[in-house]
Every structure is written in structure tokens, then in C-alpha cells.
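Student: Quick one: structure below, then a few questions.
The values are calculated or read from the model by the stated rules, or taken from the named source; none is laboratory data. Keep in mind it's a predicted model, so treat the numbers as computed, not measured. Here the Cβ is made from the backbone with ideal geometry for all residues, glycine too, and neighbour counts use every protein chain on show. These accessible areas exclude ligands, DNA and RNA; they are computed on the full protein's heavy atoms, side chains included. Shrake-Rupley method; radii C 1.70, N 1.55, O 1.52, S 1.80 Å.
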Amino acid sequence: MQSILVIEDEERIASLIRRVLEENGFMVTVAESGIRGREYILSNHFDLVVSDIILPGINGVELCREIKKIKPHLPVIMLTALGTTDDKVEGLDAGSDDYLVKPFEIKEFIARINSLLRRYQLLTATDHTRISTLTYDSVEINLDIKTVRREGKEIKLTPKEFNLLEYLMRNPERVLSRAEIAANVWDTHFDTGTNFIDVYINYLRNKIDKNFETKLIHTRTGMGFILNRDEN
Ligand code: CA
């Protein structure tokens, strides 16, 4: 099921949009402000964002600019009640993918969403063969140039830390034993007398998780480690 974040401060409109999207088979999360919307985006996976332009706190245009910096492959549709040309230009400048003027036709709304989702699926499929990036939550690693970013900020890793992170990101939300990690990352058999994997996991935590609210790397006592955004 595809998941859509709706950022809309007017409760009546938000619940109308939620109903329409749910009827069309989407999973819906509503954020009542731009700030809340940003928090959701940083800590959850969404396939698409629908955002009003006029919002309390951070407005839809600024928010869209941030989203496109942090998650360039997350499609955004902007909504506005104003419908002036300026608004449209500003929204598209900020990197939004589409634009609808309220009140809009439900059929048109759903058609635009489906077409954007299709377009992005094709785009990410092509990108993966071309630039080979791995993404989990707000972490993105580029396998060609060996860079790591979280929330858009570059994080410097040693080659071993990078390989360990890559292995975790290729196997997200799965408990990985120390033996599996040793075999796949260090190309060696795990010797129970050493704790080098724990040491490297701690190095990685200090760089990837320490300064961020959502912790991704978790220890499962007696079993190993798991990359999971839902264990906070
Ligand atoms: Ca509004």
C-alpha cells in the first residue's frame, strides 16, 4: 500500500482529502502544520506528499524546498486556495512536481497523484542503475562516490564504517548476527573472543545516530544488530 503525507492546516479539507485518498487505496498521514510535516518526513517513509501552501510556521513553499534537498525522490503536489500565477511559479521554483488549485476535482486529484507515482517509480528505477544510491529513512549513501548523508548533511566515514553501513542498508529491518556481519563486511569468521563488531557499530552510531532524534541502529541482546527506524 502506498503511503501519502497530507500537510494541511484546515481540518475540514484535511479530512476530506484523507477520505478521498483512503477510498482510493492509499495509506494517509495528516500533518496540521509545516513543522509537523517536516518531522514526519524525516522520520517516516512516504511515497508522495500533498502540501497546502499557506500553513502556520513554515509555509508549503519553504517546506517543499527542504523536502527536495533532503529527499529528492519524494514527489510533492502543492495545493493552494489562491490560484494566482505567482503562487504557481513560486511552488514550481521550490521544486514541487505538480500544483492544484482548491477547490479541485477529486478525479483530477487522484489522476495527478497516480501519474506522479508512476513517473517517480520509473525515475528511481533508472537512477538506481545509473548512480547507485541506497536510502533508508533520512540516510542516503552513494556507492559510486562513497558518500553518506543524513538529512542532507554529509557524514564522513572510514572505509570499514562505510562497508558496515552499506551492509546494514542492504538488509534493513532484519536482525543481523555478528557472524553474518563478520562474514559479509570483514570477510572473516566471527571469533567469539573479540568484540570488534560492537566497536565498529559504536563508531557508526556516533556518526549516524548520535546527533539525530530517530535512532536507526539497534542492538538485539544475544542476537545481533538491526537497522530499524521504528524502534525508538
Ligand atoms: Ca492553509
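Student: Among the numbered conditions (1) more than 25 Å from Asn228 (Cβ to Cβ); (2) of a type in the set (S, T, N, Q); (3) away from the ligand (no atom under 12 Å from the Cβ), tell me where Ser43 comes up short.
Tutor: The failed condition is (1).
Student: Of all residues in the stretch 201-232, how many are open to solvent by less than 20 Å² (accessible area, probe 1.4 Å) and without any contact (Cβ under 8 Å) to a residue 12 or more places away in the chain?
Tutor: 1
Student: Those residues that are crowded, with 20+ Cβ neighbours inside 10 Å and within 12 Å of the ligand (Cβ to nearest atom), I need them from the stretch 64-84; list them, please.
Tutor: Met78, Leu79, Thr80
Student: Here's something else I'd like to know. Select from the stretch 152-200 the residues that are at pLDDT below 90, open to solvent by less than 60 Å² (accessible area, probe 1.4 Å) and acidic (Asp, Glu) and list them in ascending order.
Tutor: Residue satisfying the conditions is Glu180 alone.
Student: While we're looking at this one, here's another question. Does the stretch 22-39 hold any residues that are out of contact with any Ser or Thr (no Cβ under 6 Å at 6 or more places or on another chain), more than 14 Å from the ligand (Cβ to nearest atom) and under 16 Å from Leu74 (Cβ atoms), and which are they?
Tutor: If the condition is that a residue be out of contact with any Ser or Thr (no Cβ under 6 Å at 6 or more places or on another chain), more than 14 Å from the ligand (Cβ to nearest atom) and under 16 Å from Leu74 (Cβ atoms), then Phe26, Val28, Thr29, Arg38, Glu39 are the ones that fit.
Student: Among the residues of the stretch 4-19, what is the count of those that are more than 16 Å from the ligand (Cβ to nearest atom) and open to solvent by 10 Å² or more (accessible area, probe 1.4 Å)? Talk me through it step by step, then tell me what you get.
Tutor: Of all residues in the stretch 4-19, those more than 16 Å from the ligand (Cβ to nearest atom) come to 4, 19.
Of the ones still in play, those that are also open to solvent by 10 Å² or more (accessible area, probe 1.4 Å) are 19.
Result for the stretch 4-19: 1.
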